[in-house]
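Here's the structure we're looking at; comments come further down.
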Amino acid sequence: MKRVIVGLSGGVDSSVAAYLLKEQGYEVIGLFMKNWHDDSVTISNECPWLDDSNDAMLVADKLGIPFQTVDLSEQYKERIVDYMFHEYEKGRTPNPDVLCNREIKFDVFMKIALDLGADYVATGHYCRKRTIEKEGENIYQLLAGADANKDQSYFLCQLSQEQLAKSLFPIGELTKPEVREIAAKLDLITADKKDSQGLCFIGKVKLPDFLQQQLKPKEGVIVEIPESNQVYHRSIPRFKNKEDELAYLSEKASYSIADGKVVGKHQGAHYFTKGQRKGLGVGGTVEPLFVIDTDVKDNVIYTGQGKDHPGLYKKVLFVNQEEIHWIREDLKLQVDESMDVMARIRYRQALEKATLHQVDSGLYVEFQELQSAITEGQFVAWYQEDELLGSGVIS
């Protein structure tokens with residue numbers, strides 16, 4: 001019997017994953033990851049780890065599988081929380097869930113599981129894995145979950161072939177309602193439990209409160225940039241080559257306070273992210289204000305009225321060479337090569353047609369349609385059909 005260690009999170013998805021593996025004849029062990037225990041920054045008692053670990057234990061008991069808890073809070077703080085503070089400080093918006101999978105679940109946790117003699121690690125992610133053979137080698141494909149509504153492949157966009165080789169995703173072929181139905185039939189305590197919200201493992205967090213632990217509030221101004229600003233009405237130059245055109249189209253507009261009017265104050269540009277609408281506290285505009293850019297150096301937030309404001313839209317983004325990641329290393333582009341893909345710049349976004357262009361310094365992703373709020377620090381992930389091929393940090 002192959003041994004599988006399931007990351008039991010205390011939610012319905014990992015509970016059913018453990019059950020399915022047991023049914024398939026694996027020796028299953030449940031392991032709960034304790035990654036955070038600073039309750040001072042969570043809102044109410046929405047997602048305390050204590051309840052989750054208790055639920056995970058009850059599920060393991062019900063399924064008749066061994067259970068234990070591992071404390072990874074030190075690694076989580078180092079690899080996720082400190083990274084987040086660092087990124088916000090630079091004015092970027094990190095995605096802790098993607099990092100958490102790459103750094104914690106499929107790295108630190110996986111190493112512990114393999115040390116415990118596991119052949120595989122399993123999670124309750126809605127995605128699928130397939131193995132193909134190419135030139136005598138096994139290649140692992142990461143595919144979208146069968147439930148298009150719940151597909152979580154995006155969160156795993158930074159996994160490697162080595163990590164995929166040791167991973168199982170037992171619920172990838174199921175829909176959420178089917179998973180809940182199985183849990184209800186088994187009378188598992190997690191059957192009707194709400195999906196956890198908020199930061200991976202920390203729960204529902206007031207982000208400014210969380211960030212204020214390290215990034216001190218600092219008063220600055222909110223500036224509204226009108227649509228009539230000349231930056232949106234420049235004539236497009238003629239380009240010598242495609243790379244020059246892509247560089248031009250991916251460029252960030254640069255604003256100064258003189259480009260608009262001061263409409264309010266804020267407590268720190270690093271608490272805000274592009275595309276954000278809530279939390280600005282400015283009224284009296286015809287349409288709601290959206291953040292179109294943040295300047296953490298001068299502590300200014302630039303905004304525009306309405307979700308169609310031109311400051312929100314761009315067609316091309318860039319990923320620095322060292323931040324490009326191919327799950328399918330065999331399909332990696334060489335300089336001057338391009339590839340047609342479907343891509344997304346955030347979880348839950350519908351896939352959009354795009355072309356990848358590899359250049360010396362990195363990778364341009366050119367979308368067919370304009371994209372709203374392309375945000376530095378987030379991940380762009382690219383697919384062909386339902387296979388996720390790679391990803392990168394938007395620079």
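Numerical summary
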{"read-out": "Average projected area [Cα convex hull, the chain], square nanometres", "value": "21.0 nm²"}
{"read-out": "Dipole magnitude (debye, nearest 20) for segment 142-185, charges at Cβ of Lys, Arg, Asp, Glu", "value": "140 debye"}
{"read-out": "Non-local Lys pairs in segment 1-134, i.e. 8 or more apart or on different chains, that have alpha carbons under 25 Å apart", "value": "20"}
{"read-out": "The chain: calculated mean residue ellipticity at 222 nm from DSSP helix runs of at least 4, using -39500 (n - 2.57)", "value": "-5500 deg cm²/dmol"}
{"read-out": "Calculated P(r) of segment 312-395 - Cα pairs past 19 Å, %", "value": "26 percent"}
{"read-out": "Cα convex hull volume per residue for segment 162-319 (Å³)", "value": "231 Å³"}
{"read-out": "Simple label model, 7 Å out from Cα along Cβ direction - Asp187 to Gln212, nm", "value": "4.7 nm"}
{"read-out": "Distance between modelled label sites at Gln141 and Glu89, nm, 7 Å Cα→Cβ extension", "value": "4.3 nm"}
{"read-out": "Compactness of segment 11-144, expressed as Rg and Dmax over alpha-carbon positions, Å", "value": "17.0, 55"}
{"read-out": "Cα-based equivalent ellipsoid, segment 255-343: semi-axes from gyration tensor eigenvalues, Å", "value": "35, 15, 12"}
{"read-out": "Within the chain, longest stretch free of exposed GluC sites (Glu not before Pro) [DSSP loop, at most 16 other beta carbons within 10 Å]", "value": "47-134"}
{"read-out": "Distance in nm between pseudo-label sites at Val282 and Glu337 (7 Å out along the Cβ direction from Cα)", "value": "4.6 nm"}
{"read-out": "At 1.567 mPa s and 4 °C, Stokes D of segment 94-159 from Kirkwood alpha-carbon radius, µm² per second", "value": "98 µm²/s"}
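Quick note: the coordinates plus some simple rules give every number you see, no bench work behind them. Remember, predicted model here, so these are calculated numbers, not experimental data. A quick note on method: Cβ atoms are made from the backbone with ideal geometry, for glycine too, and the neighbour counts reach across all protein chains shown.
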